[in-house]
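The values are calculated or read from the model by the stated rules, or taken from the named source; none is laboratory data. What you are looking at is a predicted structure, and each value in this text was computed from that prediction instead of being measured. Because the Cβ atoms are built from the backbone with ideal geometry, glycine has one as well, and the counts that use them run over all protein chains shown.
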Amino acid sequence: MSHWVERRQISRPLCGSVREKRWHRILLAIACAFSISACAPPQSAVGLDGVLNIVQPLPGFSTEGLNDEWMKLGRMPATPPDIRAGDDRLYLHLEAGSAEYALLRRVQARLLATPFLAWDWKANGGHTADHPFRITIGLSDTPEQSGSNPITALWASDMPAYTRTITISWGASALQRGSIHMADNSAKDKQVARYTARGGRENLGRWWAETVDLSALHGQAWPELDMRNTRIAFVGVVMMPSPRPATVNLAALRLSR
């Protein structure tokens, strides 16, 4: 009996030590999880109505006051993007400058759950070639997909993980509308599918309402890829440099199911 009691008395501190170590490991894991979560940039989530407003023109907008969901990349022009009123609406006004710049919003959405992208726009300038304005959608299949890419190389920014993008543009000709092709400068690990939503000098200076099915565009660009796990990592606007004055007014930009 005394031996059994002695063994119990010896084993108690050992069990307590093991439990204490396990508890420390649990606390450490929780702390690490919270620190990772705290360091991760916030992402815009789809609302209960199935709509995610990417750009919603509101008074008081400023590129200097964007929250952490946004990434401001490149060099802003002399007249930075701002909210203006006209044509019975509020809109985001963007001007082309001497350098490329972008406003990208981090998004948490599945492509097949919110495949429709809608926006209203009016383009001016850029008569001799494609308009310098772009809408870009970054896509990934797993959160870990990242690596080097042309955007981070140019701006050294902490981009969300993505492997390919769909870029929507205004073409030089109205006949280009509805066409999609792979950009010539697409890297193997960062492919760019370019879709022309509108085009032509005759269509400049007028408001146009657009809706595209991103899943259909994805199917045309990458027919071999399964979209069930494809996520939308970011949506935003890009303005390429232009030697001639070029502007675009964007009244809304939203994802929906």
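Brief remarks on what is shown
- Yes/no for Leu90 being assigned to a strand (DSSP E or B) and surrounded by 20 or more Cβ atoms within 10 Å (Cβ to Cβ): no
- For segment 94-127, residues that are crowded, with 19+ Cβ neighbours inside 10 Å, farther than 19 Å from Pro80 by Cβ and either hydrophobic (A, V, I, L, M, F, W, C) or in contact with a helix residue (DSSP H, G or I) (Cβ under 7 Å, 6 or more places away or on another chain) (or both) total 6.
- Test: Pro77 is touching a residue at least 40 places away in the same chain (Cβ under 8 Å), within 15 Å of Leu253 (Cα to Cα) and assigned to a loop (DSSP other than H, G, I, E, B): no
- Test: residue in segment 33-52 that is modelled with pLDDT of 90 or more and closer than 30 Å to Pro241 by Cα: yes
- Just so you know, in segment 120-135 the residues that are in a strand (DSSP E or B) and in contact with a Ser or Thr (Cβ under 8 Å, 6 or more places away or on another chain) include one that is modelled with the lowest pLDDT, and it is Gly125.
- For segment 206-257, the strands (runs of 3 or more DSSP E) that sit wholly inside it and include 1 or more residues that are touching a residue at least 12 places away in the same chain (Cβ under 8 Å) and of a type in the set (Lys, Arg) are 231-239, 246-256.
- Scanning segment 136-194 for residues being assigned to a helix (DSSP H, G or I), of a type in the set (Gly, Ala, Ser) and either over 19 Å from the mean Cα position of the chain (by Cα) or modelled with pLDDT of 95 or more (or both) gives a total of 1.
- Scanning segment 53-81 for residues that are under 18 Å from Pro132 (Cβ atoms) and more than 19 Å from the chain's Cα centre (by Cα) yields Pro77, Ala78, Thr79, Pro80.
- Close pairs from segment 158-183: first surrounded by fewer than 21 Cβ atoms within 10 Å (Cβ to Cβ), partner assigned to a helix (DSSP H, G or I) and not aliphatic (A, V, I, L, M), Cβ under 7 Å, at least 6 apart: Met159/Thr152; Ala174/Glu202; Ala174/Asn203; Ile180/Gln220
- Residue list for segment 54-74, restricted to those being small (Gly, Ala, Ser) and part of a loop (DSSP other than H, G, I, E, B): Gly60, Ser62
- Among residues of segment 204-217, those that are within 20 Å of Asp88 (Cβ to Cβ) and crowded, with 16+ Cβ neighbours inside 10 Å, counted: 1
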